[in-house]
Structures are given as C-alpha cells and as structure tokens.
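Every number here is computed from the coordinates shown, using simple stated rules; none is lab data. Quantities reported herein were computed from a predicted structural model and do not represent experimental measurements. Ideal geometry is used to build each Cβ from the backbone, glycine not excepted, and the neighbour counts take in all protein chains shown.
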Amino acid sequence: MTEHRTPLVEMRNISISFGGIHAVDNASIDLYPGEVVALLGHNGAGKSTLIKILSGAYKRDSGDILINGEAAEIRNPRDAKKYGIETIYQTLAVADNVDAAANLYLGRELQTRWGTLDDVAMEAKAREVMGRLNPNFKRFKEPVKALSGGQRQSVAIARAILFDARILIMDEPTAALGPQETAQVGELIKQLKKEGIGIFLISHDIHDVFDLADRVSVMKNGQVVGHARTEDVTKDEVLGMIILGKVPPKAIPGPGAMKI
Amino acid sequence: MADTLQSSTSGGARQAEANPVTRFFRATEIDTRLLGMVGALLIIWVGFHIMTGGLFLTPRNLWNLSVQTASVAVMATGMVLVIVTRNIDLSVGSILGFSGMIMGVLQAQMLPQLMGFNHPATWIVALAGGLLVGAAIGALHGSIIAFLNVPSFIVTLGGLLVWRGATWFVTSGQTVAPMNASFRLMGGGTEGSIGATASWVVGALACMAIVVAIINARQQRKRFHFPRRPLWAEYFLCVLSCAIVMGAIFVANSYYWPVNIARKYAEANNIPWPETGLFIPHGIAIPVLMAIAVGIVMTFIATRLRFGRYVFAIGGNPEAAELAGIKTRWVTVKIFTLMGVLCAIAAAISTARLNAATNAQGELDELYTIAAAVIGGTSLAGGTGTIAGAMLGALVMQSLQSGMVLLGIDTPFQRIVVGVVLVMAVWLDTIYRARAK
C-alpha cells in the first residue's frame, strides 16, 4: 500500500545538536499525501526540534529532506513555504497587534498595482476563508490580541490553508484550546485530509491525536523509537513506546528502540 | 438605505444599548485616544492664553509654534517606527548635529569654491549631501543592531557620543555661517513662507484630497460588500477635516509681515506705503509644509506599504514575524536608515532657521523626539503607535515650552515641567489602555 507511492515528505537521518546535546539524533520520518502522522514523545524528546528543521526555523547538522522524492534545500521559513510547507506553532505565532487579515497575509501581502497594500482584497479573502473555517468569526477589524484562544488558532490555521499548503505541521494545535474548540480543530483536520494534504501532528498527549492519526512516530531522547499504524497498536502500547522506548510487535523499530 | 442596514446588522445587539456619544464615535470611527490628545492640546493652549493675558492664541504665536515644532515633529515620525519595533534611537540629536554641520560646510565653504558663489543648485547639493550622510549613519547603526546583535540602546548611545564628537571635528568647533539664501527658505521666516494665495491653494488641494480619500475608501468597501460608515458620519468627517485645514490656513494668513520688512519690500518694489500700513500675510511656513509632507509620506509608509506592515508585525511578535518569512534584520536596517534621513531633514530645517551650523545643534533633541513619540501614544513595549500621534505629541511639547517662555518661566523650571508632563502623559495613557481592554 503506502510503500508503493512516493512519500510527500521524507526526512532521512536528520541530526542537530545544540551545544553538545543531540536534540535530534539520526531521526527518519515520512508522510504521505492525505495522511495524518502523529509525532509523539515527552517534552524534550526532540519532536518540535525535528519538525522545526522541516519548517525552516532550524538548520540541520546532517541528513536529507526529500519533498515528493526530490532533495529539498530548506534554509529558512521562506524556503519551506516555497515547498508548500506551512506550520502552526504551539505558541500561536500571530502578530498580536494587527488584525486577522494582516496576520493571514503576513509576509505575503496582496498588493495593488501601485505597490501599496490591498487591504480590502485581503479582508475580503480573509472573510471568505474564515467563514469556511469558523462561521462565527466576525471580528475582522480588531487586533488579534482581542480574540479568544480558539479564534486565534483559527486565524493561524486559516493562514496555513490560505496558501494551498500541501504539508501542514501542527505543533500541539489544541494545547491552548477548550474542549469545543479542540473538537473544531479535529473536524478541520479531517476536512484537510480529504483534500489530500499531509499533516504532521505533534503532541505529548496521545489522547489528543490517537483518533485523528493514521500512523504514529514516537521519539525519545532525540531518537526515533519506532513507527506504527494506529490500527495495529493500542494506546497502552504507544504509551510504552513513549515512556520506555518498548516497541510492540506490529510496529517498525527505529534507532531509539529499547535494546532487549 | 442599504448602508444603514449593513451597519446595523454588523454592530449587533451591543450597538442598540450604546449611548449616543459612544454611537457617534463608533459611527465616525474617530480615534478617541487621538481626540483626547487634541483635547489636552486645546486645554494647554487656552490655559496659556488666559495666563499670558491673551498672548498665546495669536496668529503670530501659533505660526511661530508651528515652525518651532517642525524639526522635532519630522524626527518623531521616524522614532515611532523605531520604538514600535522595540528599539530606541538616542542618537537622533547628534545625527542632526553632524548632518547639519556637513550641510553647513558644504554650502558655506566647499561648494562656493567648486560651483561658484551663489550657484542656484548649491542648496540642492548641500541638502542631498546631508541626506546621504544621515542615511549612511542610520544604515550603519541599523546594521550593527540587526547583524551584530548589539542592543539599539547601546549602539545609539555610542552614536550619540560619536557623532557629537565628529561634529566638532568637522570645523574644529567653529560655527559655520551664513547659509545659502535658497537653503534658508527651509527655515521659515518672512521669506520662507509661501504667502496667502499659495496657502489657500494648498488648503483647497488638501480638502480635495480628503474628500477623494473618503469617497475612495467608501467605494472600496462597497465593492467587497463590507459594512460602511453611515452617510452622515462621512459628511461629518469631510466637513470637520476641511474646516480644520481651512482654519489653520486662515490663521497662517492672518500673521502679517513685520512693518519694517514690509516697508523695505514696498520700497524695493515701488509700492506706495499706505497710511494704514501694508499687510502682507505670511501664509504657511516652508518647514511646516515639509513636516506635513513628511508626516503624510510616513503615514503612507506605515499603513499602506508592506514595509510598514512588517514594522508593526515585528513590534507585535518578533518571533512570529520571523517565522512568517519576514526578513526582520533588513527591516531593522531600513528603519534606522529612514530615521537617519529624517534627522538630516530636521537638520536642514534647524540649520536653515538658525542660519548657521553649530556644534550644539540638536542637543537634547533625542529626548524631545522620544518624548513626542511617547506622548503621542507610541508604546515602548512595541507594536503600537501612530505617526499623527507623534507629530501631535511634538506640538504638545513645543506648546508647553513656548507657553512657558511667554510666561517668563526660567529654563530650569521649564525642564521640570516638561519632565513631569512626560511622566504624567504616559501614566494617563497606561490607565486609558487598561480601560480599553
């Protein structure tokens, strides 16, 4: 099945260290179109660091990134965006003091033929996209800091899908949200999956992502413990991977698997 | 008809229970903070007018006030962008001094030798030289801040000392005078004003521009079916803005040339001296026009261009801006370069006005510029501030000083008052912001 297709993203033998500490050590993960891969592990397991290499926030020390089977050079966030990689950060990376439309288009503003900002066109598009994502959203004129956590998250997600992302990275997308808003994000992920977008979900809490993910990749101490399809493993087995690095029989072990 | 429908649905239930005053401000979208500043300014003006026994609100004093404000107002527009990105520039006074000295030496010593005495292009070359020097210094500061990661406070504190010292070295401390006659027009005065007719023309153009801008904004919103302001609010804004513009021009045109200058002018042009005296209006001063032009251009940059959007986004969340793919370091360099250019423009105004370039030119201006920006609502925490607010802040500062001079208050006490007002203004602003949340 998936093995016959070219992966959308393949990260091979990625390593990065900060001041002698191997934050990510020889890690390999992949992602196919229309698939949700959950990247799990404790705080400090290296999952955010690994994914920040893909989104261009960090530069890898070694290893390869392949997009659609071709080697990709990702040196900064702008490069990543060129490959259709969009990231939604844990810390809700929005500029608090400008409005939703300005945030949606931050770094890629629409311009009139005079080279000025086309605020009206941006607001129109923002209204359209936000209407699809979150029909209750009405506060287009206010700075984003006036919005609730869920509304800010929908702005961040809208920004990612506005530019036809093919690869979406969601770093703890529901960490700042209430139960209802979390459910909304879940719905949204299913919808994006149908459109053929590949999604990396990063979380340290498997309950958040187990029902949404097709596969899980588990990291521990900067290494990949193993990969498994969610239908092949139970939550307890995945917990064992996260905590002990113990790989269940139906999972594929990685370099970080517990040696028996 | 459609207009009222749209706006009433967008406001929802909250609008129904609002009192008429709130409804009025919501409909006209007037910035209440800016309005508060205008209110404070009017209180200061009327207060001084009463205390000085009617000396403050005269065409002559208001006209002088506008000219005195021009230099700091020009620099304050740039300081807004600097502070919005969580930086500070302590070197603006010294950059003013240095680029002013360069312009002075160029036109008084170097260019007469190269181009001949009183060459018509002298002032242009001198000004261009000053602007170039200002831009280069700003770019240097910006690059050190952005690429070598030295805090802006330190870089510009160093710049404060370095450029003040460099100013001394240009002429070994000597004052350079006089300035070129055309250059001097940038300083205002009787010669450096555009007269009654031209002032009215400028006013008429400004009013037309305001009306066109309001109509254009409305049509844009209509095109995309956004909620619009009610029609009465649009009319109100048109009339109010035009009235303010025309009022200011009327005041500038009510300040006449001093008698002896008017008499000389009459003699030179063979005009018979009338019994009642010859009344030639000043009109708007050229430095004031320059400051207004700078204000318009800077507002355009801050609100209508990508660059301005990035400045505010960086101020709001530097990390998010970086992750969104904005080249934040280059934006920083551009901001400081722009600040350097504005310092040079301010230097042209103040050297022209003084008719000399001195060592001490622009000393303490960095503090007045920062104070103007902060009084004008620029938050030192970054992310918020308006160009118009900063210029209004400069006017408030200058009004205080000029009023105290009229009252005969000693310089040390003037400084105490200005210092107290600065702290009070920021405190009041903090309260306002806390309430607005």
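Put +1 on the Cβ of every Lys and Arg and -1 on every Asp and Glu Cβ in chain B; which of B:ALA177, B:PRO281, B:VAL294 then has its Cα farthest towards the positive end of the dipole? Value: B:VAL294.
Taken residue by residue and averaged, Cβ atoms of other chains lying within 10 Å of the Cβ of B:310-323 number 6. Where a ≥ b ≥ c are the square roots of the eigenvalues of the C-alpha gyration tensor, would you call the stretch B:142-208 rounded, which needs a/c under 1.5, or, failing that, prolate if a/b is larger than b/c, or oblate? Oblate.
Packing around the peptides B:345-357, B:48-60, taken as the average count of other Cβ atoms within 10 Å per residue, puts them in this order, highest first: B:345-357, B:48-60.
Near B:SER193, the amide H atoms lying under 5 Å from its own belong to B:ILE286; only residues 5 or more places off or on other chains count, and H is placed 1.01 Å from N. Centre-to-centre separation between the Cα atoms of the stretch B:332-392 and those of the stretch A:116-161: 35 Å. Along the stretch B:294-305 the Karplus relation, 6.51 cos²θ - 1.76 cosθ + 1.60 evaluated at θ = phi - 60°, assigns HN-Hα couplings of 4, x, 5, 4, 5, 5, 4, 4, 6, 10, 10, 10 Hz to successive residues, with x for each Gly and Pro.
Of all GluC sites (Glu not before Pro) in the stretch A:149-208, which ones are in loop regions per DSSP and have a Cβ with at most 13 other Cβ atoms within 10 Å?
On the way: sites: A:GLU181, A:GLU187, A:GLU195; in loops: A:GLU195.
Taking the stretch A:149-208 and a limit of 13 other Cβ atoms within 10 Å, the loop GluC sites (Glu not before Pro) found are A:GLU195.
Relative contact order of chain A: 25 percent, from C-alpha pairs under 8 Å at least 6 residues apart in sequence. Considering only A:GLY196, A:LEU212, A:ALA102, the residue lying farthest towards the positive end of the dipole of chain A is A:ALA102, judged by Cα position with unit charges set on Cβ. Near B:GLN219, once Lys and Arg are set to +1 and Asp and Glu to -1 for all other residues with Cβ below 12 Å from its Cβ, the sum equals +4. Translational diffusion of the stretch B:349-388 was estimated from the Stokes-Einstein equation, with Rh taken as the Kirkwood radius over Cα pairs; at 25 °C and 0.890 mPa s the coefficient is 206 µm²/s. Only Lys, Arg, Asp and Glu carry charge here, each on its Cβ (+1 for the first two, -1 for the last two); on that basis the protein assembly as shown has a dipole of about 700 debye about its Cα centre. By the Cβ distance rule of under 4.7 Å, chain B has these cysteines without a partner: B:CYS238, B:CYS343.
The alpha carbon centroids of the stretch B:101-141 and the stretch A:241-260 are separated by 73 Å. Once backbone amide H atoms are built at 1.01 Å from N, A:LYS141 has no partners under 5 Å, excluding neighbours fewer than 5 places away on the same chain.
Taking Cβ atoms as reference points and 13 Å as the exclusive limit, the residues near B:ILE301 contribute a net charge of +4, counting Lys and Arg as +1 and Asp and Glu as -1.
Each 5 Å bin from 0 upward holds the following percent of the Cα-Cα pairs of the stretch A:96-163: 4, 19, 32, 26, 13, 5, 2, 0.
Quick check on the protein assembly as shown: helices-only [θ] at 222 nm, where DSSP H runs of length 4 and up contribute -39,500 (n - 2.57) each and the sum goes over total residues. Nearest 500, please.
Details: 28 runs with 399 residues, N = 697.
Only helices count here, giving -18500 deg cm²/dmol.
Given their separation in residues at 0.36 nm each and the Cα-Cα distance between them, A:ILE243 and A:ASN76 gain 56.9 nm when the chain is fully extended. Within 10 Å of the Cβ of each residue in A:77-88, the mean number of Cβ atoms contributed by other protein chains is 1.
So what are the stretch B:144-266's ellipsoid semi-axes, whole angstrom, largest first, if each one is the square root of 5 times an eigenvalue of the alpha-carbon gyration tensor?
Numbers: eigenvalues 348, 220, 22 Å².
After diagonalising the Cα gyration tensor, the semi-axes are 42, 33, 11 Å.
Remark: mean inter-chain Cβ contacts per residue of B:211-220 equal 1, using a 10 Å Cβ-Cβ cutoff to other protein chain atoms. Taking 32 Å as the limit for the C-alpha separation, the pairs A:LYS47/A:LYS138; A:LYS145/B:LYS222; A:LYS193/B:LYS334 exceed it in the case of A:LYS47/A:LYS138; A:LYS193/B:LYS334.
In the stretch B:194-284, Rg over Rh equals 1.27, where Rg is the alpha-carbon radius of gyration and Rh the Kirkwood radius from pairwise Cα distances. Karplus-based coupling profile of the stretch A:160-172, in residue order and whole Hz: 5, 7, 4, 9, 6, 5, 9, 10, 10, 10, 10, 8, 6, with θ = phi - 60° in 6.51 cos²θ - 1.76 cosθ + 1.60 and x standing for Gly or Pro. If you sort the three axes of the alpha carbon gyration tensor as a ≥ b ≥ c, you get a/c of 1.5 or more for chain B and a/b no higher than b/c, which makes it oblate. Normalised radius of gyration (Cα atoms, divided by 2.2 N^0.38 Å) for the stretch B:38-111: 1.57. Our analysis of the stretch B:22-150 gives Rg over Rh at 1.12, with the two radii drawn from alpha carbon positions and Rh computed by the Kirkwood formula.
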